[in-house]
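S.K.: Can you keep this structure in mind? I'll have questions shortly.
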Amino acid sequence: MITNIKIKTAQAADVVGISYEGFRTWLKKGLLKSTGRLPEFSAPEVPAKIADAKRWKWSEFGFSDLCSFRAAKFLLDAGRPWHDVVAITSSEEFWRSHRSLAEEHAYLILFPTDGSYIFCSQETLDHNIEQLKAENVALYLINLQQLRQNTLFRIRSVLLKAVGDEIIRTPWAYVVDGSSVLPPEEGKAREKQISFIGEQVIALATAAEGGADVQKEYNQLVCELQVLGARPHASLGAALTGAFWSKVAV
């Protein structure tokens, strides 16, 4: 089960594992195009509008987007040409496969000779892999279940870093009872405490990327922040909570 995770462009680039500018370049070159969009309605005898394929206009990205981007990075790093990567990862079928629990979407097999690809289940793969090896067929195999799981782990890790960074940047903004500014010395001590909690949140990111369940530790840190009159940024905190509650089939 995946909730409606939405993260901003900078965090999306971190999840994918490329620079912000590199990610923007991918978008401008048409990666993912108009995947995930419903066709617009038009009046009778009125030409249908062409779907906007300019993903660079988008400022938020969901779980299926991020899984497809991660697959694109894997294939590009493996030396596959851009047009082959776009053909696969920008397809609606591939995008929707990340939301499906169907067994036939467990693996993606790419045949580099002609650029064709298929989805297959674990059973189908087990049945055919020895024959493919015997025939010396060249192929790329992506375990989509692992891809989705690792993408979710990376989302949690990136959001933990973003939440921690935001806490460290803004400790001075918190006041007592929402109105009375703390005395200078007490205020500085409070800022130091809040910043330290931000560092602890960031420290959870590495474990989260490796698959560790750090939700309990994070919730405890949020409680400590609240005692100090602070809390994570609303949108970042909500996105991270959603990522913690999200699950994928493995």
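The values are calculated or read from the model by the stated rules, or taken from the named source; none is laboratory data. Keep in mind the model is a prediction, meaning the values are calculated, not measured. FYI the Cβ positions are ideal-geometry reconstructions off the backbone, even for glycines, and counts take in every protein chain you see. Accessible surface is based on the protein model in full, side chains and every heavy atom, while ligands, DNA and RNA are left aside. Shrake-Rupley method; radii C 1.70, N 1.55, O 1.52, S 1.80 Å.
S.K.: E103: accessible area at probe 1.4 Å, nearest 10 Å²?
M.R.: 140 Å²
S.K.: Now for a different question. Using the scaling law 2.2 N^0.38 Å as the reference, what is the normalised Cα Rg of the stretch 108-250?
M.R.: Normalised Rg, Cα atoms only: 1.58.
S.K.: Whenever you get a sec, line up H98, H83 from highest to lowest accessible area (probe 1.4 Å, protein heavy atoms).
M.R.: H83, H98
S.K.: At a 1.4 Å probe radius, which order do T35, T241 fall into by accessible area, largest first?
M.R.: T241, T35
S.K.: Need the C-alpha centroid separation for the stretch 106-163 versus the stretch 12-35, integer Å.
M.R.: Each part's Cα centre sits 20 Å from the other's.
S.K.: Rounded to the nearest percent, how much of the accessible area of the stretch 90-138 (1.4 Å probe, protein heavy atoms only) is carbon and sulfur?
M.R.: For the stretch 90-138, the apolar C and S fraction of the accessible surface comes to 50 percent.
S.K.: Kindly write out, for the stretch 70-78 in residue order, the coupling ³J(HN,Hα) from the Karplus curve 6.51 cos²θ - 1.76 cosθ + 1.60 (θ = phi - 60°), rounded to whole Hz, with x marking Gly and Pro.
M.R.: With coefficients 6.51, -1.76 and 1.60, one gets 5, 4, 4, 5, 4, 5, 5, 5, 7 Hz.
S.K.: Using a 1.4 angstrom probe, figure out how much accessible area the stretch 106-174 has per residue, in square angstrom, rounded to the nearest whole.
M.R.: 50 Å²
S.K.: Cross-link partners among aspartates and glutamates for K161, C-alpha distance below 19 Å, same-chain residues fewer than 8 apart left out?
M.R.: Candidates past the 8-residue exclusion: D14, E60, E191, E199, E209, D213, E217, E224.
S.K.: Which one, A102, S90, S116, is farthest towards the positive end of the dipole of the stretch 75-118 when Lys and Arg carry +1 and Asp and Glu -1 on their Cβ?
M.R.: Value: S90.
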